[in-house]
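Accompanying notes for the structure given below.
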Amino acid sequence: MTSAIAWQRAEGIAMFVAAIPLAAMTQPGWPLWVWPLALLAPDLSMTGYLAGPRIGAMIYNLFHLYAGGMGLALAGLLLGQPAVIAAGAFWLAHVGADRALGIGLKGTGGFYDHHLRVSRTGKSEDR
């Protein structure tokens, strides 16, 4: 694993560890069954692959950037809406968990073409 990939995975762990308490502190009494749904919601963007790999990658990547979750959490803060802050925190936690697990932003070569891909030899497949 290259050091750049290791750093991104460590960053993902840190984001997940920070975002879950933020979500817990701001969610307005959501039942526990809502938590997994909120955590997995960004993966609904995978349906974009039904339109092909280029459009699928674009839609998937839009929903797997830290900026989306941060923007939503900030909007909730500015609007005084704790539920929106929590939704943004869950989004951040999801993206962080993906990065920690080595699931990166997608390329146009298909669903398994992503920026954190490591070859079978253990070396990054830089493009």
Acute angle (nearest 10 degrees) that the helix 66-79 long axis makes with the longest principal axis of the chain, alpha-carbon atoms | 10
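Given the rule -39500 (n - 2.57) for each run of at least 4 DSSP H residues, summed and divided by the residues of the chain, what is its mean residue ellipticity at 222 nm, to the nearest 500 deg cm²/dmol?
Working: 5 runs with 74 residues, N = 127.
Helices in the chain give a 222 nm mean residue ellipticity of -19000 deg cm²/dmol.
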Report, in degrees rounded to the nearest 10, the 0 to 90 angle that the Cα long axis of helix 3-26 makes with the longest principal axis of the chain.
-> 20
Could I have the simple spin-label model distance between residue 77 and residue 30, label points 7 Å from Cα toward Cβ, reported in nm to one decimal?
-> 1.9
For the stretch 49-60, in residue order, the Karplus 3J(HN,Hα) values (coefficients 6.51, -1.76, 1.60; θ = phi - 60°; whole Hz; Gly and Pro = x) are 5, 5, 8, x, x, 5, 5, x, 5, 4, 5, 4
Using modelled backbone amide H atoms (1.01 Å from N, in-plane), which distant-in-sequence or interchain residues come within less than 5 Å of residue 114's amide H?
-> 107
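If contacts are Cα pairs under 8 angstrom and at least 6 residues apart, what is the relative contact order of the chain in percent? List each step's numbers first, then the result.
Numbers: 190 pairs, mean separation 44.2, N = 127.
Reported relative contact order: 35 percent.
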Based on the mean of other beta carbon atoms within 10 Å per residue, what is the order of 24-35, 3-14, 82-93, most packed first?
-> 82-93, 3-14, 24-35
Separation between the residue 66 and residue 13 pseudo-spin-labels, each 7 Å from Cα along Cα→Cβ, expressed in nm?
-> 1.6
With the convex hull built on the Cα atoms of the chain, state its orientation-averaged projected area in nm².
-> 8.3
Here, residue 54 and residue 111, labelled 7 Å along Cα→Cβ, have an inter-label distance in nm of 2.1
Once phi for every residue in the stretch 99-113 is put through the Karplus expression 6.51 cos²θ - 1.76 cosθ + 1.60 (θ = phi - 60°), the whole-Hz ³J(HN,Hα) values, with Gly and Pro written as x, are 4, 4, 7, x, 9, x, 5, 8, x, 8, x, x, 4, 8, 8
Dipole magnitude (debye, nearest 20) for the chain, charges at Cβ of Lys, Arg, Asp, Glu = 260
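FYI, it's all coordinate maths here, none of it is from the lab. Note that this is a predicted model, so its numbers are computed, not measured. Every residue, glycine among them, receives a Cβ derived from its backbone with ideal geometry; neighbour counts consider all protein chains shown.
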